[in-house]
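The structure appears below as C-alpha cells.
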Amino acid sequence: MTGLESHEVPEEVDPEGWTLRVTGAVDRPLDLDRADVAALPAETFEEDFACVEGWTAANLTWRGVRVGTLIDRAGPTSAASHALVRAMDGEYACSFPIERLATAVLATELDGEALPVEHGGPARLVPTESGTDCWEQIKWVAEIELRESEPSDGDTAKELALSRIDS
Ligand SMILES: Nc1nc2c(c(=O)[nH]1)N[C@H]1C(S)=C(S)[C@@H](COP(=O)(O)O)O[C@H]1N2
Ligand SMILES: [Mo]
C-alpha cells in the first residue's frame, strides 16, 4: 500500500487552537478559524508526492482552498511580491513568489477525510505545479505573511528538510 510516511507530530502543534492568519503587506489582515476556511470555495485534485529522502506516495486526493482566494480576500498591497508561509512547528517556514503561492491549495482533506494531524492537519500547503519540492508541502500552516521583497531570512524549510538526510 502506498501513502505518506508517518512522522512525529511536534509538541508545538495545537490543532484545537488553530487559526489561519494572512498578514503583512495586505489591506485586510485575516484570522480565519476552521469554519471560516470551510465556508470558502474548495477544489479537489489528485497528486503523487515524492520526498527528497527517497520515498514516494501515489494518487493522493487533496481538497482545499486555493491560496489565491485567501490572498485576494486579504487585499495584497500593490508592491506585495512574496510570502513567507509559517507552520506551527517552531521555525519551519518557506518563502514563495506570490504568483506561485496563489496556485497552491491549502488542503484540509486527504482522500475524502479531514486531514489527520499526522499529515499536517488542520491545513497543509499543497503546491499544484509540477516540479515542487517536498519541503514546500508545509504541514500545520498557521500564517501566510505577505512581503514587498523576497524574505532574506526565515526561509528555513529547505535547510531543515535536507538536514534530515543522512550523509
Ligand atoms: N511544518 C512542517 N511541514 C513539513 C515538514 C516539517 O518538518 N514541518 N517536512 C516536510 C517534508 S521534507 C516532507 S517530505 C513532508 C512529509 O509529509 P508527511 O509527514 O505527511 O509524510 O512534509 C513537509 N512539510
Ligand atoms: Mo521531504
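The values are calculated or read from the model by the stated rules, or taken from the named source; none is laboratory data. Only a predicted model underlies this, so the values are computations on that prediction, with no experimental measurement involved. Note: ideal-geometry Cβ built from the backbone for every residue, glycine included; neighbour counts use all protein chains shown.
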Checking THR69, THR108 in turn, the sole residue that is farther than 23 Å from LEU160 by Cα, in a strand (DSSP E or B) and of a type in the set (S, T, N, Q) turns out to be THR108
ASP27 passes all but one of the listed conditions (1) in contact with a Pro (Cβ under 6 Å, 6 or more places away or on another chain); (2) surrounded by fewer than 17 Cβ atoms within 10 Å (Cβ to Cβ); (3) among the charged types (D, E, K, R); the exception is number (1)
Residue count, the range 132-167, condition buried (at least 16 other Cβ atoms within 10 Å of the Cβ) and without any contact (Cβ under 8 Å) to a residue 24 or more places away in the chain, comes to 1
Scanning the range 111-131 residue by residue, those outside any strand (DSSP E or B) and more than 13 Å from the chain's Cα centre (by Cα) turn out to be ASP111, GLY112, PRO116, VAL117, GLU118, GLU129, SER130, GLY131
task: Please indicate, with yes or no, whether at least one residue in the range 105-126 is touching an Asp or Glu at 6+ places or on another chain (Cβ under 6 Å), of a type in the set (Lys, Arg) and within 16 Å of ligand 1 (Cβ to nearest atom).
output: no
**Request:** Can you confirm whether the range 84-99 contains a residue that is under 22 Å from GLY131 (Cβ atoms) and β-branched (Val, Ile, Thr)?
**Result:** yes
Condition set free of Cβ contacts under 8 Å to residues at least 60 places away in the same chain, under 24 Å from THR77 (Cβ atoms) and touching a strand residue (DSSP E or B) at 6+ places or on another chain (Cβ under 9 Å), scope the range 99-131, selection surrounded by the fewest Cβ atoms within 10 Å (Cβ to Cβ): answer is THR103
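Let's see how each residue does on (1) loosely packed, with under 13 Cβ neighbours inside 10 Å; (2) at pLDDT 95 or above; (3) outside any strand (DSSP E or B):
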site	(1), (2), (3)
ALA35	yes, yes, yes
LEU40	no, yes, yes
GLU46	yes, yes, no
ALA57	no, yes, no
PHE96: passes all of (1) assigned to a loop (DSSP other than H, G, I, E, B); (2) out of contact with any Leu (no Cβ under 6 Å at 6 or more places or on another chain); (3) within 14 Å of ligand 1 (Cβ to nearest atom) but (1)
Note on the range 9-61: residues aliphatic (A, V, I, L, M), away from ligand 1 (no atom under 16 Å from the Cβ) and over 17 Å from the mean Cα position of the chain (by Cα) are ALA25, VAL26, ALA35, ALA39
Taking the range 3-60 and keeping only residues that are of a type in the set (Ser, Thr, Tyr) and within 16 Å of ligand 2 (Cβ to nearest atom), one is left with SER6, THR56
**Prompt:** Hey, does the range 81-90 have a residue that's assigned to a helix (DSSP H, G or I) and among the small types (Gly, Ala, Ser)?
**Reply:** no
